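Values in this text are rule-based calculations from the coordinates and carry no lab data. Since we're looking at a predicted model, the values are computed, not measured. When we count neighbours, we look across all protein chains shown, and the Cβ atoms used for this are built from the backbone with ideal geometry, even at glycine.
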Amino acid sequence: MLIDSHCHILFDAFDDDRDVVLQRAKEEGVTAYINPGITVDDSRAIVTATETIPNLYAAVGIHPNDAGTFDSSSIDHLRELASHPNVVAIGEIGLDYHWDTSPRPHQRDVFEQQLALAKEVDKPVIIHQRESAADTMEILREWGAGRQHPGLVLHSFSGDQAVAEEAIELGIYIGISGPVTFKNARGLPKIVAALPPDRLLVETDAPFLSPHPFRGKRNEPARVKIIAQRIAEAQQLPF
């Protein structure tokens, strides 16, 4: 049994063959999918889709690259969506200092308001952190990650050993995606090898970050199996 803990199956990259893609995933043993939102409207569409697509679950939130869409009504809309029984998390939320599409103070404010919502509605959190590890971890420490609010995951982890160890210490899960399979993965397989297996989540982030040997092509949930196999190999576990 495999769960793709992070994929964007409603993105238009799948509009022509979504049913075929999901059938392929089913044939590879994928039994459930979590599709995080990136805006309020996207989150609403995902929640609606969970009512017709079997085994699809939603996370609702505003991505840091879309922080400019956040307004005074956003939290109320997300709170309402979070009450749906198929919503399993708040996300994906966080900080992205690579693209910097919104000023960093605004990204932080949007992130912190959504963290507060997650605590209010008692949902896990899917965290996007790109080139922002120091600020992300500072916010999570201040927020009481792991102690006051278990169930956080650093999605598609790309940090170093120190960040991974601090995350584990705080009770945060680590999401591992396609780059763990890349030939130039550098230290990521070593980091994975050193982490407790029960703190790791496997994800595709489809349609992005397709694993080797499909790197550069559209990713899809069926390939979560390749990623899981590489994690098991790094941890010297049977698969």
Fewest-first sequence of 30, 224 by Cβ atoms within 10 Å of each Cβ: 30, 224
Can you sort 97, 57 so the residue with the fewest Cβ neighbours within 10 Å comes first? 97, 57
Over what distance in Å are the Cα centres of the stretch 90-104 and the stretch 171-239 separated? 23
Say R0 is 30 Å: what FRET efficiency, to the nearest 0.05, do residue 116 and residue 235 get from their beta-carbon distance? 0.30
Isotropic mean projected area of the C-alpha convex hull, the chain (nm²): 12.0
Between exposed trypsin sites (Lys or Arg not before Pro) in the chain, where DSSP calls loop and at most 12 other Cβ atoms lie within 10 Å, what's the longest gap? 1-146
Considering lysine pairs in the chain that are 8 or more places apart or on different chains, how many have Cα atoms under 27 Å apart? 9
Find the Rg to Rh ratio for the stretch 142-215, where Rh is the Kirkwood radius over alpha-carbon pairs and Rg uses the same atoms. 1.00
Based on Cβ point charges of +1 for Lys and Arg and -1 for Asp and Glu, what charge dipole magnitude is obtained for the chain about its Cα centre, in debye rounded to the nearest 20? 840
Given the Cα-Cα distance of residue 80 and residue 158 and 0.36 nm per residue of separation, how much length would full extension add, in nm? 24.9 nm
Which whole-Hz couplings ³J(HN,Hα) result when phi for each residue of the stretch 176-191 is put into the Karplus expression 6.51 cos²θ - 1.76 cosθ + 1.60, θ = phi - 60°, listed in order with x for Gly and Pro? 10, 10, x, x, 5, 9, 5, 5, 9, 5, 6, x, 4, x, 5, 4
With n ≥ 4 as the cut-off for DSSP H runs, can you work out [θ] at 222 nm for the chain, using -39500 (n - 2.57) per run divided by the number of residues, rounded to the nearest 500? -10500 deg cm²/dmol
